[in-house]
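Note sheet for the following structure.
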Amino acid sequence: MDSSPSLENFQAVCHEYYTCFVLSAEGMRSFVQDLPIDPVKYPDQKFFIGNTPPEEGAAQSVMSAAQAHSSAQKNGTFSDIIAKALIIRLYAEWDEKYRHEIAKEFGVNAKKVLCDLMGDVRRVRNWIVHSKSAIQNDADKLVVLPWTVTPGEELRVSVKMLQQLMDGINNMPVRIST
């Protein structure tokens, strides 16, 4: 396929989501590092997030400061959670909207619009959604994503893995099957 305004729009949406991920991940690390909390010295100290002072007890979230600090680090639990949500969202955008728009541009059924990268993303999405992030035996079927994953292990999406996904999206070939 030579060019497609819908593919370019999909890539632009992916850029927006990826920018959100990067700013969120960087912001989390910066935020917890600037807190007046010493998670090493006071590992049981609580970290409250809410719209009222902690003493009012109306926090929407409470966790240990040590857990918040650890989870906010590069490739920590928080960035993994956001990366997995991003993968799910990107695939939904592709499958429910942009694939159909590309099909319309070329006058074909959406099932005729194929992309190996998005096939990989569908597989990864299925591990996240249907297998509680357990990598399945079809891991060897990833065609484009250069991720090293092992069946039976938990999928942890690193910053590098998401960068590789975005590199693929920026250069993704889409074909129309006959």
- Query: Would you pick out the residues in the stretch 137-175 that are of a type in the set (G, A, S), part of a loop (DSSP other than H, G, I, E, B) and without any contact (Cβ under 8 Å) to a residue 60 or more places away in the chain?
  - Reply: G152
- Query: Can you name the residue in the stretch 36-57 that is among the hydrophobic types (A, V, I, L, M, F, W, C) and more than 28 Å from M161 (Cβ to Cβ) and, of all such residues, is modelled with the highest pLDDT?
  - Reply: F48
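P39: in contact (Cβ under 8 Å) with a residue 12 or more places away in the chain, farther than 27 Å from V159 by Cβ and over 14 Å from the mean Cα position of the chain (by Cα), yes or no?
On the way: in contact (Cβ under 8 Å) with a residue 12 or more places away in the chain: yes; farther than 27 Å from V159 by Cβ: no; over 14 Å from the mean Cα position of the chain (by Cα): yes.
When the stated conditions are applied, P39 does not pass them.
When the stretch 1-35 is examined, which residues are found to be among the charged types (D, E, K, R) and either at pLDDT 95 or above or over 21 Å from K74 (Cα atoms) (or both)?
Step one: list which residues in the stretch 1-35 are among the charged types (D, E, K, R), which gives 2, 8, 16, 26, 29, 34.
Residues satisfying the conditions are D2, E8, E16.
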- Task: Scan (1) without any contact (Cβ under 8 Å) to a residue 12 or more places away in the chain; (2) part of a loop (DSSP other than H, G, I, E, B); (3) more than 30 Å from E96 (Cα to Cα) for the single condition S3 breaks and write down its number.
- Result: (3)
- Residues that are free of Cβ contacts under 8 Å to residues at least 24 places away in the same chain and either surrounded by fewer than 12 Cβ atoms within 10 Å (Cβ to Cβ) or among the polar types (S, T, N, Q) (or both), drawn from the stretch 22-32: L23, G27, S30
- Task: Give just the number: which of (1) crowded, with 16+ Cβ neighbours inside 10 Å; (2) in a helix (DSSP H, G or I) does R89 not satisfy?
- Result: (1)
- Message: Considering only the stretch 93-108, I want to know if a residue exists there that is farther than 30 Å from D38 by Cα, at pLDDT 95 or above and part of a loop (DSSP other than H, G, I, E, B).
- Response: yes
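Of the residues S131, S158, which single one is within 14 Å of the chain's Cα centre (by Cα) and small (G, A, S)?
On the way: S131 fails: within 14 Å of the chain's Cα centre (by Cα).
It is S158.
Evaluate the stretch 12-33: report whether one residue or more is closer than 30 Å to M166 by Cβ and in contact with a strand residue (DSSP E or B) (Cβ under 6 Å, 6 or more places away or on another chain).
Taking the stretch 12-33 and keeping what is closer than 30 Å to M166 by Cβ, we get 12-33.
This time we only want the ones that are in contact with a strand residue (DSSP E or B) (Cβ under 6 Å, 6 or more places away or on another chain), so: none.
No: zero hits.
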- Query: Taking only pairs six or more apart or across chains, which ones have beta-carbon atoms under 9 Å, a first residue in the stretch 58-76 that is over 15 Å from D34 (Cα atoms) and modelled with pLDDT of 85 or more, and a second residue that is of a type in the set (K, R) and surrounded by 15 or more Cβ atoms within 10 Å (Cβ to Cβ)?
  - Reply: K74/R29; N75/R156; G76/R29
- Query: In the stretch 1-53, how many are out of contact with any His (no Cβ under 6 Å at 6 or more places or on another chain), more than 30 Å from K104 (Cα to Cα) and not hydroxyl-bearing (S, T, Y)?
  - Reply: 27
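The values are calculated or read from the model by the stated rules, or taken from the named source; none is laboratory data. In this text the structure is predicted, and so the values were computed from the model without any measurement. No Cβ is skipped: glycine too gets one built from the backbone with ideal geometry, and neighbour counts run over all protein chains shown.
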